[in-house]
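One structure below.
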Amino acid sequence: MVDSLADMEAEYGALFDEAYEAVRQGKVKKYSFTPSGRVRWIVVGRHRDYLILPRAGHCTCEDFFFRVLSHEKPMCYHLLAQKIAVQTGKYDVIEEDDSWYMRLMREWLPQPTGKPKNNNQ
């Protein structure tokens, strides 16, 4: 069952406000890759773009790693923003060729700590 915006606002309070603002500012992106048909959701965050896996309830942000996984928060605002965007239809659709898929995934996935990023690849 899909939650209404009013239900989400009542349940998440200030987190909803932050997520709704991200949607209002056009920070939710749906990348569609062709010809594979793969879809990846991105929310532009304060520090970088975050990959959202809605069916898994996962985000690549630090808040998810430190606070959601430890059950301090029910979810990060990026996950909630994606839910709101789908419900309202307010997100950008970006169509890319499959040849861009791995390059973009490397951008969106967090780099292991302690290893410098190799920009020559």
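We did not get these values from a lab; they are worked out from the coordinates using the rules stated. These figures come from a predicted structure and were not determined experimentally. With ideal geometry, Cβ positions are generated from the backbone for all residues, glycine too; neighbour counts draw on all protein chains shown.
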Per DSSP H run of at least 4 residues, take -39500 (n - 2.57); add these up for the chain, divide by its residues and hand me the 222 nm value, nearest 500 deg cm²/dmol.
-> -9500 deg cm²/dmol
Starting from region 30-110, pick out the GluC sites (Glu not before Pro) whose DSSP state is loop and whose Cβ has at most 11 other Cβ atoms within 10 Å.
-> Glu72
With charges set only on the Cβ (+1 for Lys and Arg, -1 for Asp and Glu), what does the dipole of region 1-62 come to about its Cα centre, in debye to the nearest 20?
-> 600 debye
Considering only lysines 8 or more places apart in sequence, or on different chains, count the pairs in region 2-121 whose C-alpha atoms sit under 30 Å apart.
-> 18
What is the gain in length, in nm to one decimal, between Arg24 and Phe65 on full extension, counting 0.36 nm per residue of separation less the C-alpha to C-alpha distance?
-> 12.2 nm
Evaluate Rg over Rh across region 1-53, taking Cα atoms for both radii and Kirkwood's formula for Rh.
-> 1.06
Give the range of the longest stretch in the chain that excludes all trypsin sites (Lys or Arg not before Pro) found in loop regions by DSSP and having at most 10 other beta-carbon atoms within 10 Å.
-> 56-116
From the P(r) of the chain, can you give the percent of Cα pairs sitting at distances over 18 Å?
-> 55 percent
Two-site label geometry, Lys73 and Glu95: point separation in nm, points 7 Å out along Cα→Cβ | 3.5 nm
Chain lengthening between Met105 and Arg48 when straightened (0.36 nm per residue, less Cα-Cα) = 19.2 nm
